[in-house]
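Visitor: Got a structure here, written out as structure tokens. Questions coming.
The values are calculated or read from the model by the stated rules, or taken from the named source; none is laboratory data. Keep in mind it's a predicted model, so treat the numbers as computed, not measured. As a convention, Cβ positions derive from the backbone with ideal geometry for all residues, glycine included, and neighbour counts pool all protein chains shown.
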Amino acid sequence: MSLLEDCQKSLSKNNFNCEIVDNSVEAGNIIKKLIGEFQPATISYGDSETLRSTGIIEYCKACSDFKFIDTFNHDESFREQIGKRKEALSVDLFLTGTNAVTLDGVLVNLDMIGNRIGGLIFGPRKVILTIGVNKIVPDIHSAFKRIREHAAPKNAARHPELKTPCIKTGKCMNCSSMTRICNNWSITEKSYPKGRINIILINEELGL
């Protein structure tokens, strides 16, 4: 079996629905298909470079079949964006990515304020995650290492206004910065209820 197939098998055992696709375009088409099947009245998302690569956010903004709650509208104030992120926790369908997934089918995530992991673990009726092959790691220890040493510093670098030490050093400094992005961890061992979380594994290196 391939790495993707091994991971898919483990995720399925852990009650996640999981599909494998070759690229981000195919992932976007799968999401559109699932939206048609779920028929959600409301959709929102947690920020994810992998999700953005599928083009689905632009699709959701243009579609009139459902209400799309844009949680990252930079024309709105920070307080308005926070209000939208709270609203996103009760939508019918929540879209995002993950920082790491282990070969035994466990999701590991790290957030600054928790809106992304909040939507993943509780609230929305259905969740869809897009995950590039580069996010697959052997175990939870490797997941923590990947996130701390690779994903988090690169994510912070996308937001230079945060001025965290890792932006300068390129590695985690276990800082006490007021704008530290490494605040809230989540480990999702199984989908509850079964099939609530739908995962699309993509055979491309995507995201951070």
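Visitor: Determine if the range 60-77 includes at least one residue that is over 26 Å from residue 21 (Cβ atoms), modelled with pLDDT of 95 or more, assigned to a strand (DSSP E or B) and among the basic types (Lys, Arg).
Guide: Yes, the range 60-77 contains at least one residue that is over 26 Å from residue 21 (Cβ atoms), modelled with pLDDT of 95 or more, assigned to a strand (DSSP E or B) and among the basic types (Lys, Arg).
Visitor: Examine the range 92-105 for a residue that is aromatic (Phe, Trp, Tyr), touching a residue at least 24 places away in the same chain (Cβ under 8 Å) and in contact with an Asp or Glu (Cβ under 9 Å, 6 or more places away or on another chain), and state whether such a residue exists. First the steps, then the outcome.
Guide: The initial filter retains those residues of the range 92-105 that are aromatic (Phe, Trp, Tyr), namely 94.
Remaining after also requiring touching a residue at least 24 places away in the same chain (Cβ under 8 Å): 94.
Right, trim to in contact with an Asp or Glu (Cβ under 9 Å, 6 or more places away or on another chain) and you get none.
No: zero hits.
Visitor: Scanning the range 99-129 for residues that are surrounded by fewer than 22 Cβ atoms within 10 Å (Cβ to Cβ) and among the basic types (Lys, Arg), which turns out farthest from the chain's Cα centre (by Cα)?
Guide: Looking at residues that are surrounded by fewer than 22 Cβ atoms within 10 Å (Cβ to Cβ) and among the basic types (Lys, Arg), I get 125.
Visitor: Could you list all residues from the range 85-135 that are among the acidic types (Asp, Glu) and touching a Lys or Arg at 6+ places or on another chain (Cβ under 9 Å)?
Guide: We begin by selecting, within the range 85-135, every residue among the acidic types (Asp, Glu); these are 87, 92, 104, 111.
Scanning the range 85-135 gives 92, 104.
Visitor: Shifting gears a bit: Checking residue 169 against (1) over 21 Å from residue 113 (Cβ atoms); (2) under 22 Å from the mean Cα position of the chain (by Cα): exactly one of these is not met. Which one?
Guide: Residue 169 satisfies every listed condition except (2).
Visitor: Hey, does the range 177-193 have a residue that's part of a helix (DSSP H, G or I), more than 21 Å from the chain's Cα centre (by Cα) and not acidic (Asp, Glu)?
Guide: No: the range 177-193 contains no residue that is part of a helix (DSSP H, G or I), more than 21 Å from the chain's Cα centre (by Cα) and not acidic (Asp, Glu).
Visitor: I'd like to know if the range 14-27 contains one or more residues that are buried (at least 22 other Cβ atoms within 10 Å of the Cβ), of a type outside the set (Asp, Glu) and within 21 Å of residue 192 (Cβ to Cβ).
Guide: yes
Visitor: Let me ask something additional. Being assigned to a loop (DSSP other than H, G, I, E, B) and β-branched (Val, Ile, Thr) is the filter; apply it to the range 86-128 and report the residue that is farthest from residue 45 (Cα to Cα).
Guide: 106
Visitor: Could you please find all residues in the range 152-165 being part of a helix (DSSP H, G or I) and buried (at least 19 other Cβ atoms within 10 Å of the Cβ)?
Guide: Hits for the range 152-165 are 152, 153, 155, 156.
Visitor: Can you name every residue in the range 158-193 that is at pLDDT below 95, closer than 30 Å to residue 105 by Cβ and either among the small types (Gly, Ala, Ser) or touching a Phe, Trp or Tyr at 6+ places or on another chain (Cβ under 9 Å) (or both)?
Guide: Within the range 158-193, no residue meets the criteria.
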